[in-house]
Amino acid sequence: MISMKNIQKIYKMGSSSFTALEEIDLSITKGEYVAIVGPSGAGKSTLMNIIGCLDTATDGEYILDGLNTKCSDNKLAEIRNKKIGFIFQNYNLLPKLNILENVELPLLYLGYPNGKIRERAKQSLEKVGLETHLKHKPSELSGGQMQRVAIARALVTDPQIILADEPTGALDSKTGKEVLKMLTDLNKEGNTIIMITHDKEIAAYAKRIITVRDGKITSDVLNENEVTA
Ligand SMILES: Nc1ncnc2c1ncn2[C@@H]1O[C@H](COP(=O)(O)OP(=O)(O)OP(=O)(O)O)[C@@H](O)[C@H]1O
Ligand SMILES: [Mg+2]
C-alpha cells in the first residue's frame, strides 16, 4: 500500500535550509493500524503530509498503491482525493456549510455522479451516528460530534488510507476515547489507519508504533499490548 525508500525532506528558507526528514524507509500494508509518535518538531506532520500527498519529498521514492507520487501537482491532487481520507486535530470543517454539505464535498471534487452524492454522504453520517443532525452547522455541534463529521467526510470516498493527525488532540478524554473506538472499529472492518500522535497512551490503541526523532525513524515495533477501545 505504502512504500517509501530513502525519503528526505529539506525545507528551504531563503539562503538557509532545514532537513526535516532523512533516510526514511517505510512500508505499510493494507489493513494495518499504525501510530506515528515522537516529540514536537520530530517531523511527524512533515511525514504525514508526504504520505497524504499534500506535499512531496525532496528526495527518495514514494509509491502509494502502485502509483509513483513523483508527478504533476494535478495528478498528485487526484491521487490524494481518491486514495486518502484525512482527519485533523481541529476538524477542518467548512463553517458556512451544514454537515451534510461538508461530507458531500469530497464526492463533488471526485466528480461522483450528482444523483448519488447526497445519499452517499447521508450513509456516511449515519455510520458515525449523526443522521439526526444533517442540517446543523459545525458551530452547532460538540467537539466530539465535529470530529465524527470529519470521520464521515474522510470515509465518504471509501479511501485506501485514513490519515489522522492528533485526532483526539482537541477533545476531552472521554470523547477522545469514543473517537479512538471509532478508529478501532474502522480498522476491524479492514480500513488502513495511520495516526499521528505525541501521546503514548493514544498510540497504544494502534497495532504498530513507529517512533520518529529528529527526522529519522528510530523504532518500529508491533504493539502487543494494544488497548481495546
Ligand atoms: N514549512 C516549513 N519550513 C521550514 N521548516 C519547517 C516547515 N515545516 C516544518 N518545519 C520544521 O521541520 C521540523 C518538523 O516539523 P513537523 O511539523 O513535521 O513536526 P511535528 O513532529 O509534527 O511536531 P508537532 O508534534 O509539534 O506537531 C520542525 O523543526 C519544523 O520547524
Ligand atoms: Mg505536527
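When segment 186-198 is limited to residues that are within 16 Å of ligand 2 (Cβ to nearest atom) and outside any strand (DSSP E or B), the one that is modelled with the highest pLDDT turns out to be THR197.
Quickly run through segment 2-30 and pick out the residues that are closer than 23 Å to PRO159 by Cα and among the aliphatic types (A, V, I, L, M). The answer is ILE2, MET4, LEU26, ILE28. Scanning segment 145-161 for any residue that is surrounded by fewer than 17 Cβ atoms within 10 Å (Cβ to Cβ) and assigned to a helix (DSSP H, G or I) turns up nothing. Condition first: of a type in the set (A, V, I, L, M, F, W, C), surrounded by 19 or more Cβ atoms within 10 Å (Cβ to Cβ) and not in a helix (DSSP H, G or I). Now tell me which residues in segment 162-185 satisfy that. Those that are of a type in the set (A, V, I, L, M, F, W, C), surrounded by 19 or more Cβ atoms within 10 Å (Cβ to Cβ) and not in a helix (DSSP H, G or I): ILE162, LEU163, ALA164, LEU171.
Listed here are the residues, each with its yes/no results for (1) within 16 Å of ligand 2 (Cβ to nearest atom); (2) in contact with a strand residue (DSSP E or B) (Cβ under 6 Å, 6 or more places away or on another chain); (3) closer than 16 Å to LEU64 by Cα.
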residue	(1), (2), (3)
SER3	no, yes, yes
MET13	no, no, no
LYS30	no, yes, yes
GLY41	yes, no, no
THR46	yes, yes, no
ILE51	yes, no, yes
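Count of segment 199-229 residues, restricted to those that are assigned to a loop (DSSP other than H, G, I, E, B), within 16 Å of ligand 1 (Cβ to nearest atom) and surrounded by 15 or more Cβ atoms within 10 Å (Cβ to Cβ), is 1.
Of the helices (runs of 4 or more DSSP H) that lie entirely inside segment 38-112, those containing 1 or more residues that are away from ligand 1 (no atom under 16 Å from the Cβ) and either of a type in the set (A, V, I, L, M, F, W, C) or touching a helix residue (DSSP H, G or I) at 6+ places or on another chain (Cβ under 8 Å) (or both) span 73-83, 99-110.
What residue, among those in segment 121-144 that are part of a helix (DSSP H, G or I) and among the hydrophobic types (A, V, I, L, M, F, W, C), is nearest to LEU108 (Cα to Cα)? Residue satisfying both the conditions and the ranking: ALA121. Taking segment 105-144, which residues are within 20 Å of the chain's Cα centre (by Cα), within 29 Å of ILE28 (Cα to Cα) and surrounded by 15 or more Cβ atoms within 10 Å (Cβ to Cβ)? Answer for segment 105-144, where residues must be within 20 Å of the chain's Cα centre (by Cα), within 29 Å of ILE28 (Cα to Cα) and surrounded by 15 or more Cβ atoms within 10 Å (Cβ to Cβ): LEU105, PRO106, LEU107, ALA121, SER124, LEU125, LYS127, VAL128, GLY144.
The values are calculated or read from the model by the stated rules, or taken from the named source; none is laboratory data. For clarity, every value in this text was computed on a predicted model and none was experimentally measured. Note that we place each Cβ from the backbone using ideal geometry, even for glycine, and neighbour counts take in every protein chain shown.
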